[in-house]
Amino acid sequence: RYLVANAGWNGVIAAGGTVSFGLLAAPGAVAGAKPANYALNGGPRGATAPLAPSISVADAKVTEGNAGTSMLVFPVALSSISATPVTVAYSTASLTATAGSDFTQASGTITFAPGETSKTVSVAVSGDTMVEQDETLSIKLSVPTGAPLGAATAPGTIINDDVAAGTG
């Protein structure tokens, strides 16, 4: 049996919060005996408790191209292996790039199976021959389950590859 202090049954502990607990001896236990055969944070007693993984997304860049589509690929990572599935929702948003003409809006859910630490989100970028500045969009992670968010947003850069007539 165990006793939890500072939190109710199935209580939620805020990030950075603490909770303490103790083990109670079973009836008939020998006085002074130490607990044995238990796990803490999924590991045997005395083992270093593993840190919970966090989910992060990183910047991405792609050259636009003159026609068709190119893929802007955002890396999404867990900071360490999880023994249970981890999910996170994602969505893209326009910054200087325009959804529908420069890129295709994307949203969905990523699932990391136990043991996986990397995934990607691909966003279709439309090629054109317009001379323009590099353009940007963003990706945002939200609604995580199984791990907290680390870097939850990242920019994606569409690199212009067109030059004005007579300059290149």
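The values are calculated or read from the model by the stated rules, or taken from the named source; none is laboratory data. Owing to the predicted nature of the structure, the values given are computational and were not obtained by experimental measurement. We place every Cβ from the backbone using ideal geometry, glycine too, and count neighbours over all the protein chains shown. For the accessible areas, the whole protein counts, side chains as well, though only heavy atoms, and no ligand, DNA or RNA atoms are used. Shrake-Rupley method; radii C 1.70, N 1.55, O 1.52, S 1.80 Å.
Scan ASP128, ASP102, ASP59 and give me the residue that is farther than 22 Å from ALA151 by Cβ, of a type in the set (D, E, K, R) and at pLDDT 95 or above.
So the residue among ASP128, ASP102, ASP59 that is farther than 22 Å from ALA151 by Cβ, of a type in the set (D, E, K, R) and at pLDDT 95 or above is ASP102.
Filtered by the rule that a residue be part of a strand (DSSP E or B), surrounded by 18 or more Cβ atoms within 10 Å (Cβ to Cβ) and not β-branched (Val, Ile, Thr), the stretch 142-168 gives ALA154, GLY156.
Filtering the stretch 75-108 down to residues that are more than 30 Å from MET130 (Cα to Cα) and assigned to a loop (DSSP other than H, G, I, E, B), which residue is least open to solvent (accessible area, probe 1.4 Å)? Only one residue fits best here, namely SER82. With respect to (1) surrounded by 15 or more Cβ atoms within 10 Å (Cβ to Cβ); (2) among the hydrophobic types (A, V, I, L, M, F, W, C); (3) more than 30 Å from ALA52 (Cα to Cα), the lone exception for PHE112 is condition (3).
The numbered conditions (1) open to solvent by less than 30 Å² (accessible area, probe 1.4 Å); (2) closer than 18 Å to ALA52 by Cβ; (3) among the hydrophobic types (A, V, I, L, M, F, W, C) are all true for ILE139 except (2). Does at least one position in the stretch 116-124 carry a residue that is without any contact (Cβ under 8 Å) to a residue 24 or more places away in the chain, open to solvent by 50 Å² or more (accessible area, probe 1.4 Å) and assigned to a strand (DSSP E or B)? No, the conditions are met nowhere in the stretch 116-124.
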